[in-house]
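Colleague: My questions all concern the structure below.
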Amino acid sequence: MSQWFTGASKYTLYSVLQKTIRPVWAVRGLHKSAVEVLRHPAPEDTVTASFGKFISEVKPQHLSSVVLHRSKRMVLDSIGVGVIGSTTDVFELALQHCQNDLTIVDPAEKLLFTKKVLEFGWTVQCLLCSEPDRHPPLLEKLAIQQQWLAERPWVSHFVPQLEEFKRVLERFLQATPSDPPTTSLSPPQSANIACSIGQPAPLLASPELSLDCSDATRSAYAPNHQQSYEGTRLALFTGTRGGRGRRKGRRGSQRLVPNQPLIGPEPKLPSGPEPDLTWHMYAPDDISSVYGRRGTRLSPTLAAFVNGVATHSMDFDDTWHPATHPSGAVLPAVLALSDMMSANSKPSGLDFLLAFNIGIEIQGRLMRFSNEAHNIPKRFHPPSVVGTMGSAAACARLLSLDPSQCSHALAIATSLSGAPMANAATQSKPLHIGNASRLGLEAALLASRGLEASSLVLDAVTGVAGFNAFYEDYVPQPLELSNDDGHMFLLEEQDMGFKRFPAHLGMHWVADAAASVHKILVGFGPGTVSPAQVQDILLRVPKSKYINRPFPDSEHEARHSFQFNACSALLDGEVTVQSFTPAAIRRPDLLALLSRVRMEHPQDNPANFNSMYGEVQVTLVGGDILKGRQTLSTVTGATR
Amino acid sequence: MLRKGITESFGAAIHAFNTTQLTDGVINRSKRMMLDTLGVGLLGTRTAVFNKALTYSQLFMSHESSSVWGKSEVNLPPHYAAFVNGIAVHSMDFDDTWHPATHPSGAVLPALLALAETLPSQPSGLDLLLAFNVGIEVQGRLMRFSREAYNIPERFHPPSVVGVMGSAAASAKLLGLSPAQCTNALAIAASSAGAPLANAATQTKPLHIGNAARRGLEAAQLAQRGLKGNPAILDMNCGFGVYYKDYSPSAMAVPASSDFKWILEDQDVAFKRIPAHLGMHWVVDAALAARAKLENSVRNFDLSQIRNVTLRVPPSKYVDCPFPATEHQARHSFQFNASSALLDNKVTVSSFSETQINRPALKELLSKVKVETPKDNLPSFDKMYCEVEMETDQGQRYVARCDTFYGHWRKPLSQKDLVEKFSVNASSVLCTEGVEGVIDVTGNIERVRECSILGSYLRMTSSQHEQLYSTRSW
């Protein structure tokens, strides 16, 4: 075939060929790239770009009152579920993992950084006070010092006053003879600056130092330097536990501002509980809270990770339709990111809620690209797929990225998405939400640093899979933001299901049905059903392999077992947090009931949260048959 | 309740491997891979994507810290060191390629070196070599669970799928985990696998290798802490099978005594000579040969006399890029690599710089290139070929074909050329002592008492200001 078409005639032949029916291989042999160029939409018309534009440009006024109300309920529920989740084993493991990763820095190394910053400030000060003929060597030294520091961006977090030194230096360099630099920073002021980074004040405030900053004087004080660095370190490590709001308890590192020198004795530790000195991150400005751990701080991405794990650790978090757990991937990420943002750029409550809603909306839009996604999943765990994207979108928004960066954030997040269903009902499932939250935040941070990814990632391109790699039937739609303020959020038409007990959403139907049988047997109030009464239990539920577990071994398996939840509700009249404790799982009465369970999957009961039902039919030893049935409309809290 | 499954067989095998099973062939080949990976990685520490990842990772620091290759004064927590060094290795798409197609070393070596530096008792060079080979072997086994995986991929980028599993297996081995913990490490890692191919030819592709290294290491450490995943993850279609359409897993024999048959023994890797997708090597060699034919027959030939250029290549969407705009696209473009070879009579590291990509002469040549995908040219690195045909204004044709390029596993790089490639790459970053140190340590790795010595050589940078800092005591 390659001999067939040669030379320039191929282009012309191609257009003819396009109109004729040919075997696929013949077309493939042609100038394929030209075909693609024709078929590709212009960059700004891609689905991917439309999403980036939406995230960047949607405004708070697009949030209707219903959306505001519903999303606030989600935030509240998600935090509550997360906080109780912070008592679980899997959370503890994840936290240990992260703490191990980010424990306190080597003190010697930290000392070195402090020393370098102090020396930089010191040289600045020498420059300000010295004669012009001393300037060139000092400037040379400054250049070297500055570069050392510039290569370590976190140093500025470590000692925020470095910025002040840099400003002073700039002013000095821009000064003219008519505006001599020495007037822009008087000796006491310069001493203040030095003090403000933790140098014990008396040392630098002494007149001889301020007025005569020769190298000789400096070296005369050199022996004291080591001591003063030690003092600095102590101040930075222990510090006070004051602070604003929930950032209370962050590493003290006396948040000094210039002209508020630290003069006098070391700050005293406040009374009250011993401060947690195991800081897990250097930068005092980059510390994010951990659910339910008063003294613990982690880096933003790891805080997003452990809080995401906490949220899904009991499978207690909200569920949407099509099926995913939307809040757990978004909320920990935007909370961690808000903690990280500097005081003057903290998002308002409304900005925060908008970012959260963008994270939810993006997940909803993506879920609607596939019909398969409407059913209980078989291949990928949805929060690991759309959750990462939602987190990336919300964080991109909170970081005020531009449309193109927002779509890069989504594209980077796509490379961090997707975990197989087989890890459901194991400790690894909560990790999916934690990772979605963390990696989405990471994708947004990387995009904000200019990292680029595919501009067609959401568009269906055959032969080079993007987001469609996760679906068999993928049909993407652009996300248009209408010109007026009338964007219709999906949350408006599709409310959220909140769980009443910590298990897979599907368990709620069968538990309600079994509870109604319990009521018939023992009446209202406490009391249990005796297994001796029961001959046979028949469950009529949708067919879904990963929530069909006749004899669950662990709490995670119990949360994903129709049989377990039906029997627990039949026995106790309800399913609660306590139902999943190891002791409750191993009760002989419960095991006896489990051994009498049969399952049927009626044709009219699809594996779909919008139309499934749960039916429990109990045959008593005497032959009586009791039946309980829960259809969608009566499941309290479930998605409507 | 569970029968002894495939996943468990992997866990048991990873646990059971010992150094006596390393054959000479495997030791030799894996040492070559390590040396090449280090050189490519060192060169990669000078790329934009590496610097973005490094700046990002410097947000985090920890007590446990690991070296960043080619940076004398930067330390990162082990995960982030694995992440950025993995990115360095794949930043130019210059790292090794195996069959079935994946880049095996980049996901494993950065994780192992980062982990080794933090272990309380230092692993020996032989421990490192064993763990490295376990990481490679697991990737090889997993690739053989699917026929689809033998071809150039269309859905998931293979290193993001098998690489994270290899990193988890290797890290689990170096940590000395139990069989059950090794199984859990694989199960946890499977939840971190899989990045779609659309991000190939962007800055995000190197991140796939960095993340594979990082998240595999993380999976092994989580398993060490007792975190559990599905112990049948490799057995199920809804487990590791989600990444393939024709998944058919098989158990791994637990290695007994010393007669284990390594995949690396049967199937060597390819080492790249140019920093581009492996497929580009065929088209470059063919283009150079076609150019030589033309030069031999036409005196004072000018490339503007070429009327058109036809490339006959295997069908693969993501390396078919008619007009690349970025270096990452250029590394994934048959058209660009053929045109560069025709124009410059060579393709080198600098061919992918922005100025070279934007040359008008190159763009003009690109506009004359057509791509054909003959039916007999299969998208497999074991079977593909490239043919380049030039037609001049006078109607003369010059054709050359490359079936096996130099560096392919059928025509391996000589040890001299491999070391030469490393030296050139590493010298862009390291001083002579560092370059020679790495060559020496890698060459004798099975006899090295503490493998972390590699890390110290990898930090011996050559740039002038760095030296200034290490000698000045201001």
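The values are calculated or read from the model by the stated rules, or taken from the named source; none is laboratory data. Quick caveat: nothing in here was measured; it's all calculated off a predicted structure. Here the Cβ positions follow ideal geometry from the backbone for every residue, glycine too, while neighbour counts run over all protein chains shown.
Colleague: Whether any residue in the range B:181-195 is surrounded by fewer than 24 Cβ atoms within 10 Å (Cβ to Cβ), touching a residue at least 40 places away in the same chain (Cβ under 8 Å), more than 10 Å from every other protein chain (Cβ to nearest Cβ) and not in a helix (DSSP H, G or I) is what I want to check.
Modeller: For the range B:181-195, residues surrounded by fewer than 24 Cβ atoms within 10 Å (Cβ to Cβ), touching a residue at least 40 places away in the same chain (Cβ under 8 Å), more than 10 Å from every other protein chain (Cβ to nearest Cβ) and not in a helix (DSSP H, G or I): absent.
Colleague: Would you mind finding the one in A:A393, A:A419 that is without any contact (Cβ under 8 Å) to a residue 60 or more places away in the chain and of a type in the set (A, V, I, L, M, F, W, C)?
Modeller: A:A419
Colleague: Moving on to the next point. Here is a list: B:A172, B:A223, B:A212. Which entry is within 12 Å of chain A (Cβ to nearest Cβ) and touching a Cys at 6+ places or on another chain (Cβ under 9 Å)?
Modeller: B:A223
Colleague: Go through (1) in a loop (DSSP other than H, G, I, E, B); (2) facing chain B (nearest Cβ under 10 Å) one by one and return the number of the condition A:E480 breaks.
Modeller: (2) is the only condition that A:E480 fails.
Colleague: Restricting attention to the range A:408-427, report how many residues are of a type in the set (V, I, T) and within 21 Å of B:A212 (Cβ to Cβ).
Modeller: 2
Colleague: Something else now. Kindly list, by first and then second residue, each pair from a residue in the range B:140-153 that is assigned by the TED database to the domain that holds B:T102 and closer than 14 Å to B:G241 by Cβ to a residue that is surrounded by fewer than 20 Cβ atoms within 10 Å (Cβ to Cβ) and basic (K, R), limited to pairs with Cβ atoms under 7 Å and residues at least 6 apart or on different chains.
Modeller: From the range B:140-153, the pairs are B:E148/B:K245.
Colleague: Just to confirm my filter: which helices (runs of 4 or more DSSP H) fall fully inside the range B:330-381 and include at least 1 residues that are more than 13 Å from chain A (Cβ to nearest Cβ), closer than 27 Å to B:V424 by Cβ and among the small types (G, A, S)?
Modeller: B:334-344, B:360-366
Colleague: Next question. Counting only residues that are within 21 Å of the chain's Cα centre (by Cα) and farther than 18 Å from B:A114 by Cβ, which one in the range B:431-474 is modelled with the lowest pLDDT?
Modeller: Among residues in the range B:431-474 that are within 21 Å of the chain's Cα centre (by Cα) and farther than 18 Å from B:A114 by Cβ, the one modelled with the lowest pLDDT is B:G443.
Colleague: Criterion first (over 15 Å from the mean Cα position of the chain (by Cα), under 17 Å from B:M236 (Cβ atoms) and more than 7 Å from chain B (Cβ to nearest Cβ)) does A:A424 satisfy it?
Modeller: So A:A424 passes the test.
Colleague: Looking only at the range B:106-136, how many residues end up being small (G, A, S) and within 20 Å of B:A13 (Cβ to Cβ)?
Modeller: Going through the range B:106-136 one residue at a time, the tally reaches 4.
Colleague: Which one of B:P379, B:P324 is surrounded by 15 or more Cβ atoms within 10 Å (Cβ to Cβ) and under 22 Å from B:T102 (Cα atoms)?
Modeller: Answer to the check: B:P379.
Colleague: Oh, and also: Among the residues of the range A:360-388, how many are in contact (Cβ under 8 Å) with a residue 60 or more places away in the chain and in a helix (DSSP H, G or I)?
Modeller: 14
Colleague: Can you give me the number of residues within the range B:300-314 that are more than 22 Å from the chain's Cα centre (by Cα), assigned to a loop (DSSP other than H, G, I, E, B) and not hydrophobic (A, V, I, L, M, F, W, C)?
Modeller: Residues meeting the conditions: 2.
Colleague: Right, here's the next one. Filter the range B:154-169 for residues that are more than 8 Å from chain A (Cβ to nearest Cβ), out of contact with any Ser or Thr (no Cβ under 6 Å at 6 or more places or on another chain) and touching a residue at least 60 places away in the same chain (Cβ under 8 Å) and give the result.
Modeller: Residues satisfying the conditions are B:V161, B:G163, B:M165, B:G166, B:S167, B:A169.
Colleague: Next up: Identify the residue in the range A:267-294 that is away from chain B (no Cβ under 12 Å) and under 20 Å from the mean Cα position of the chain (by Cα) and, among all such residues, is modelled with the lowest pLDDT.
Modeller: Among them, the one singled out is A:P284.
Colleague: Might you let me know whether the range A:572-580 holds any residue that is surrounded by fewer than 21 Cβ atoms within 10 Å (Cβ to Cβ), outside the structural domain of A:M421 (by TED's automatic domain parsing), of a type in the set (A, V, I, L, M, F, W, C) and farther than 16 Å from A:A425 by Cβ?
Modeller: Within the range A:572-580, one or more residues are surrounded by fewer than 21 Cβ atoms within 10 Å (Cβ to Cβ), outside the structural domain of A:M421 (by TED's automatic domain parsing), of a type in the set (A, V, I, L, M, F, W, C) and farther than 16 Å from A:A425 by Cβ.
Colleague: To continue, here is another question. Any idea which residue in the range A:537-571 is surrounded by the most Cβ atoms within 10 Å (Cβ to Cβ), counting only those that are acidic (D, E) and touching a residue at least 12 places away in the same chain (Cβ under 8 Å)?
Modeller: That would be A:E555.
Colleague: Looking only at the range B:339-376, which residues are under 22 Å from the mean Cα position of the chain (by Cα), surrounded by 14 or more Cβ atoms within 10 Å (Cβ to Cβ) and among the small types (G, A, S)?
Modeller: B:S351
Colleague: Go through the range B:235-285 and give me each residue that's under 16 Å from the mean Cα position of the chain (by Cα) and among the polar types (S, T, N, Q).
Modeller: Answer for the range B:235-285, where residues must be under 16 Å from the mean Cα position of the chain (by Cα) and among the polar types (S, T, N, Q): just B:Q267.
Colleague: Can I ask one more? Could you tell me whether A:D495 is over 20 Å from the mean Cα position of the chain (by Cα) and crowded, with 24+ Cβ neighbours inside 10 Å?
Modeller: Here the answer is no, as A:D495 does not meet what is asked.
Colleague: Please pick out the residue among B:H277, B:H208 that is in a loop (DSSP other than H, G, I, E, B), closer than 17 Å to B:F156 by Cα and either among the hydrophobic types (A, V, I, L, M, F, W, C) or modelled with pLDDT of 90 or more (or both).
Modeller: Every option except B:H277 fails the conditions.
Colleague: Test each condition in (1) assigned to a helix (DSSP H, G or I); (2) free of Cβ contacts under 8 Å to residues at least 60 places away in the same chain; (3) within 14 Å of another protein chain (Cβ to nearest Cβ) for B:F50 and report the one that comes out false.
Modeller: Evaluating B:F50 over (1) assigned to a helix (DSSP H, G or I); (2) free of Cβ contacts under 8 Å to residues at least 60 places away in the same chain; (3) within 14 Å of another protein chain (Cβ to nearest Cβ) leaves (2) as the failure.
Colleague: If you don't mind, there's one more thing I want to ask. Is it true that A:G418 is of a type outside the set (F, W, Y), within 20 Å of A:P332 (Cβ to Cβ), crowded, with 24+ Cβ neighbours inside 10 Å and within 13 Å of chain B (Cβ to nearest Cβ)?
Modeller: yes
Colleague: Moving on to the next point. Give the residues of the range A:492-515 that are touching a His at 6+ places or on another chain (Cβ under 8 Å) and among the charged types (D, E, K, R), sorted by residue number.
Modeller: Within the range A:492-515, A:K499, A:R500 qualify.
Colleague: Out of (1) aromatic (F, W, Y); (2) within 14 Å of chain A (Cβ to nearest Cβ); (3) farther than 30 Å from A:F380 by Cα, the odd one out for B:F271 is which?
Modeller: It is condition (2) that B:F271 fails.
Colleague: Test of understanding: among B:K261, B:K245, B:K228, which residue is surrounded by fewer than 20 Cβ atoms within 10 Å (Cβ to Cβ), outside any helix (DSSP H, G or I), of a type outside the set (S, T, N, Q) and free of Cβ contacts under 8 Å to residues at least 60 places away in the same chain?
Modeller: Result: B:K261 is the single residue among B:K261, B:K245, B:K228 that is surrounded by fewer than 20 Cβ atoms within 10 Å (Cβ to Cβ), outside any helix (DSSP H, G or I), of a type outside the set (S, T, N, Q) and free of Cβ contacts under 8 Å to residues at least 60 places away in the same chain.
Colleague: Considering only residues that are among the hydroxyl-bearing types (S, T, Y), surrounded by fewer than 24 Cβ atoms within 10 Å (Cβ to Cβ) and either within 9 Å of chain B (Cβ to nearest Cβ) or under 30 Å from A:S313 (Cα atoms) (or both), which ones fall in the range A:436-470?
Modeller: A:S455, A:T462, listed by residue number.
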